[in-house]
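Asker: Handing you a structure now.
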Amino acid sequence: MRKFYTLLSREVRSYLHSPIAYIVLVFFLIVSGIDFYFQVSFMNQRQVQYTAQEAFFNSVFFWFAFVLIFPLITMRLFAEEFKLGTIEPLTTVPVRDWQVILSKFFGALIFYIILWIPTLLYFAVFLKITHQPAAHSAGAYCGSYLMLLLLGMFYVSIGCLTSVLTSNQIIAAVISFCAITLLFFLGLVQFILLDVSSATRDLLGYFSAIEHMGTFSRGVIDTRPIVLYVSMTIVMLTLTYQAFQSRKWRL
Amino acid sequence: MIKVENLTKRYAGQPAIQDLNFEVGQGEIMGFLGPNGAGKTTTMRILASFMPPTSGRASIAGFDVFEQSLQARAHLGYMPENVPLYSDMRVTEYLNYRAALKGVQHRRVAERVGDVKELCGLKEVEKKLIGTLSKGYRQRVGLADALLHEPDLLILDEPTIGLDPNQIRQVRELIKNLGRQHTILLSTHILPEVEMTCSRVIIIHKGRIEACDTPENLLGKIRQAGGVVLEARVGNDNGAEELKKISGVRDVITDREDDWKRFSLRVESGVDVREEVFRLATDRHWAVRELTQRRATLEDVFVELTHPDVV
């Protein structure tokens with residue numbers, strides 16, 4: 001456990017040492033800040049049926065920033081170690097492979113959570129200025145942030161997998177960006193392709209991140225997406241583990 | 001301490017090492033020699049559990065490097081070629097991190113890190129970022145890292161590459177001292193280094209072991225043990241032709257220095273031709289300003305074994 005903690009703290013610290021982390025942080029804060037501003041000013045101009053909090057988590061801006069951050073925060077995880085050769089000292093000390101993989105996964109996840117912390121301020125500011133809460137209930141906040149965590153876990157694990165497959169960070173980023181975007185659009189199919197059968201649309205609907213976020217941001221905690229994202233994360237991490245172990249295959 | 005049996009590694013069908021068999025006993029300093037691409041790094045990487053062999057077995061302190069990799073790794077201090085390090089960490093921070101990964105007890109970390117910094121001369125750069133260090137210091141950080149957990153066995157892949165002569169001397173002394181408590185396997189290109197530090201030498205060429213013996217025995221074994229150097233003014237004579245006629249002389253190489261000529265004679269082992277050369281010189285009235293016997297070095301052994309056509 002101490003070795004895992006050592007690896008994890010090294011991962012988190014390496015984010016704080018890297019310029020790309022700060023670029024992502026600033027980019028993300030700008031985009032999400034503009035998003036929040038737009039949503040609130042839109043609500044000022046006309047009557048709407050949803051709350052500021054729901055609007056914020058379901059806007060186009062939000063999803064745009066959302067799919068973009070994962071390749072940026074996960075591309076270096078393994079690819080950089082392969083490139084610099086630091087994987088050699090790392091895997092020749094008595095540390096298990098799963099400790100390495102989980103430390104990288106949780107390191108990226110912690111950075112992802114750090115990204116979201118400032119957005120809590122938006123709602124605090126909203127309350128301070130308008131004297132109205134941005135959501136119907138505390139459950140809506142919890143639901144939204146829970147869904148953010150679930151999606152984050154899944155997408156970070158996809159990033160882990162693509163990064164372990166190559167020693168080139170750009171390739172890792174491009175593949176994970178494509179995979180995440182495709183998954184995301186899979187959920188849109190039900191709104192776009194109206195001619196496919198309703199069974200197919202329902203099936204694809206189960207994968208729709210937009211739909212899940214819609215439900216959770218209203219404060220409705222549905223167990224099906226929770227099971228989906230947790231199990232998919234486990235699958236991705238297992239694949240990552242296998243790919244990481246492939247250097248030990250006797251060929 | 002190290003036991004290697006029929007070790008073979010192929011990369012995409014191309015053999016990098018073939019059927020290696022050797023043992024390194026407790027307390028030995030084993031030198032691992034060979035031209036570039038001979039398979040030294042591959043062998044060391046297999047021993048460090050970085051990659052598996054295609055076939056064959058290797059064990060460290062009785063633990064198979066593949067089946068019982070964690071235990072084997074716990075007994076090993078490994079310094080990889082080119083010493084890859086995290087450039088965003090500071091020296092002390094890095095060593096603390098590595099000590100924790102290697103399972104050094106929490107209360108002993110500060111002591112061990114202090115010790116290896118002292119031993120490897122890293123005190124003056126302890127607060128610097130690794131990315132800003134010179135090659136020599138990076139090399140020492142790698143060595144300090146390998147020593148952190150007081151391993152029984154050290155595997156050092158080219159520990160002196162890229163160092164200046166003073167640093168090489170320091171590292172050599174360090175390795176010699178370490179050899180009192182640790183078993184060491186080190187690879188290098190610098191042959192005098194091996195002669196001075198190693199108790200035994202393996203010469204590997206094209207993935208196969210060509211020789212495995214003490215440096216003294218290796219020197220005795222080669223076909224031509226050293227040679228004779230003659231520097232003389234030979235006038236109009238063809239010095240090289242005359243010298244070749246002496247029995248025991250295999251070959252003569254001539255270097256010109258104005259009207260003085262410098263002849264390097266390769267001689268068969270066990271023959272001393274200096275007297276003959278002197279006699280020839282007096283007969284032909286050559287003016288001689290140098291006549292010396294050159295002792296064979298490990299370099300000759302190395303060249304003979306890995307480049308037979310040169311001899």
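Asker: Before we move on, is A:Arg201 at pLDDT below 85, within 14 Å of chain B (Cβ to nearest Cβ) and over 20 Å from A:Phe66 (Cβ atoms)?
Answerer: The answer is no for A:Arg201.
Asker: Could you go through the range B:140-153 and let me know if any residue there is under 28 Å from the mean Cα position of the chain (by Cα), part of a helix (DSSP H, G or I) and more than 14 Å from every other protein chain (Cβ to nearest Cβ).
Answerer: yes
Asker: I need the full set of residues from the range B:31-87 which are closer than 21 Å to B:Cys212 by Cα, part of a strand (DSSP E or B) and of a type in the set (A, V, I, L, M), in order please.
Answerer: B:Leu33, B:Ala58, B:Ile60
Asker: Within the range A:5-25, can you find the residues that are crowded, with 17+ Cβ neighbours inside 10 Å and either facing chain B (nearest Cβ under 7 Å) or more than 13 Å from A:Ile114 (Cβ to Cβ) (or both)?
Answerer: Matches in the range A:5-25: A:Thr6, A:Leu7, A:Leu8, A:Arg10, A:Ser14.
Asker: Name the residues in the range A:161-188 that are free of Cβ contacts under 8 Å to residues at least 60 places away in the same chain and surrounded by 17 or more Cβ atoms within 10 Å (Cβ to Cβ), would you?
Answerer: Hits for the range A:161-188 are A:Ile175, A:Ala179, A:Leu183, A:Gly187.
Asker: Next question. Restricting to the range B:284-298, and then to whatever is surrounded by 12 or more Cβ atoms within 10 Å (Cβ to Cβ) and closer than 30 Å to B:Glu210 by Cα, can you tell me which residue is modelled with the highest pLDDT?
Answerer: Going through the qualifying residues, I end up with B:Gln293.
Asker: Then there's this: Quick one: B:Tyr97 ticks every box in (1) among the aromatic types (Phe, Trp, Tyr); (2) under 20 Å from B:Thr160 (Cβ atoms); (3) within 9 Å of chain A (Cβ to nearest Cβ) bar one, so which box is it?
Answerer: (2)
Asker: Hey, another quick one. Cβ contacts < 7 Å: first residue closer than 11 Å to A:Tyr141 by Cβ, restricted to the range A:46-63; second residue surrounded by fewer than 17 Cβ atoms within 10 Å (Cβ to Cβ), any location; separation 6+ or different chain. Result?
Answerer: These pairs meet every condition: A:Thr51/A:His136.
Asker: Related question: Hey, any hits in the range B:245-256 for a residue that's over 21 Å from B:Leu298 (Cβ atoms), assigned to a strand (DSSP E or B) and of a type in the set (Ser, Thr, Tyr)?
Answerer: Looking for residues that are over 21 Å from B:Leu298 (Cβ atoms), assigned to a strand (DSSP E or B) and of a type in the set (Ser, Thr, Tyr), one finds at least one in the range B:245-256, hence yes.
Asker: State the number of residues belonging to the range B:58-81 that are at the interface with another protein chain (Cβ under 9 Å from one of its Cβ atoms) and without any contact (Cβ under 8 Å) to a residue 40 or more places away in the chain.
Answerer: Number of matching residues: 6.
Asker: Here's another thing I want to ask about it. Return the only residue of B:Glu158, B:Glu111, B:Glu124, B:Glu195 being more than 10 Å from chain A (Cβ to nearest Cβ), at pLDDT below 90 and out of contact with any strand residue (DSSP E or B) (no Cβ under 8 Å at 6 or more places or on another chain). Reasoning before the result, please.
Answerer: On the way: B:Glu158 fails: out of contact with any strand residue (DSSP E or B) (no Cβ under 8 Å at 6 or more places or on another chain); B:Glu111 fails: at pLDDT below 90; B:Glu124 fails: at pLDDT below 90.
Criteria check complete, one pass: B:Glu195.
Asker: Let me ask something additional. From the list A:Met236, A:Met232, which one is at pLDDT 85 or above and either aromatic (Phe, Trp, Tyr) or touching a Ser or Thr at 6+ places or on another chain (Cβ under 7 Å) (or both)?
Answerer: A:Met236
Asker: Hey, A:Gln132 hits all of (1) in a helix (DSSP H, G or I); (2) in contact with a helix residue (DSSP H, G or I) (Cβ under 9 Å, 6 or more places away or on another chain); (3) free of Cβ contacts under 8 Å to residues at least 12 places away in the same chain but one; which does it fall short on?
Answerer: The number of the failed condition is (1).
Asker: Evaluate the following for A:Val40: is it aliphatic (A, V, I, L, M), at pLDDT 90 or above and not in a loop (DSSP other than H, G, I, E, B)?
Answerer: No, not satisfied.
Asker: Identify, by number, the condition in (1) modelled with pLDDT of 85 or more; (2) away from chain B (no Cβ under 14 Å) that A:Gln245 doesn't meet.
Answerer: For A:Gln245, the failing item is (2).
Asker: Right, here's the next one. Hey, does the range B:28-45 have a residue that's among the basic types (Lys, Arg), out of contact with any Gly (no Cβ under 7 Å at 6 or more places or on another chain), more than 10 Å from chain A (Cβ to nearest Cβ) and touching a residue at least 40 places away in the same chain (Cβ under 8 Å)?
Answerer: Initial filter on the range B:28-45 (among the basic types (Lys, Arg)): B:40, B:45.
If we keep only those that are out of contact with any Gly (no Cβ under 7 Å at 6 or more places or on another chain) as well, we get B:45.
Retained after the next criterion (residues that are more than 10 Å from chain A (Cβ to nearest Cβ)): none.
There is no residue in the range B:28-45 that is among the basic types (Lys, Arg), out of contact with any Gly (no Cβ under 7 Å at 6 or more places or on another chain), more than 10 Å from chain A (Cβ to nearest Cβ) and touching a residue at least 40 places away in the same chain (Cβ under 8 Å).
Asker: Against the condition of a type outside the set (Ser, Thr, Tyr), surrounded by 12 or more Cβ atoms within 10 Å (Cβ to Cβ) and part of a loop (DSSP other than H, G, I, E, B), how does A:Val196 come out, does it pass? Please lay out each step first, then the result.
Answerer: Values: of a type outside the set (Ser, Thr, Tyr): yes; surrounded by 12 or more Cβ atoms within 10 Å (Cβ to Cβ): yes; part of a loop (DSSP other than H, G, I, E, B): yes.
Here the answer is yes, as A:Val196 does meet what is asked.
Asker: For B:Val109, which of the numbered conditions (1) hydrophobic (A, V, I, L, M, F, W, C); (2) closer than 22 Å to B:Met44 by Cβ; (3) over 26 Å from the mean Cα position of the chain (by Cα) fails to hold?
Answerer: (2)
Asker: Another question, if that's okay. Would you mind stating whether A:Val95 is in contact (Cβ under 8 Å) with a residue 12 or more places away in the chain, assigned to a helix (DSSP H, G or I) and not aromatic (Phe, Trp, Tyr)?
Answerer: no
Asker: If I filter the range A:43-68 down to residues being among the β-branched types (Val, Ile, Thr) and not in a helix (DSSP H, G or I), which single residue comes out as surrounded by the most Cβ atoms within 10 Å (Cβ to Cβ)?
Answerer: A:Thr51
Asker: Would the range A:217-228 turn up any residue that is out of contact with any Lys or Arg (no Cβ under 9 Å at 6 or more places or on another chain) and under 30 Å from B:Arg10 (Cα atoms)? Show your work before the answer.
Answerer: Pass one, the range A:217-228, residues out of contact with any Lys or Arg (no Cβ under 9 Å at 6 or more places or on another chain): A:217-228.
Among the residues that remain, those that are also under 30 Å from B:Arg10 (Cα atoms) are: none.
No, because not a single residue in the range A:217-228 is out of contact with any Lys or Arg (no Cβ under 9 Å at 6 or more places or on another chain) and under 30 Å from B:Arg10 (Cα atoms).
Asker: Let me ask something additional. What are the pairs, 6+ residues apart or on separate chains, where a residue within the range A:10-21 that is in a helix (DSSP H, G or I) has its Cβ under 6 Å from a residue that is surrounded by fewer than 18 Cβ atoms within 10 Å (Cβ to Cβ) and modelled with pLDDT of 90 or more?
Answerer: Qualifying pairs under 6 Å: A:Val12/A:Ile110; A:His17/B:Asp88.
Asker: Taking the range B:232-244 as the region of interest, how many residues are in a strand (DSSP E or B) and crowded, with 18+ Cβ neighbours inside 10 Å?
Answerer: 1
Asker: Condition test on B:Gly239, is it modelled with pLDDT under 85 and more than 23 Å from B:Leu219 (Cβ to Cβ)?
Answerer: For B:Gly239, the condition - modelled with pLDDT under 85 and more than 23 Å from B:Leu219 (Cβ to Cβ) - is met.
The values are calculated or read from the model by the stated rules, or taken from the named source; none is laboratory data. Note that the coordinates shown come from a computational prediction; the quantities given were computed from them, not determined experimentally. Note that we place each Cβ from the backbone using ideal geometry, even for glycine, and neighbour counts take in every protein chain shown.
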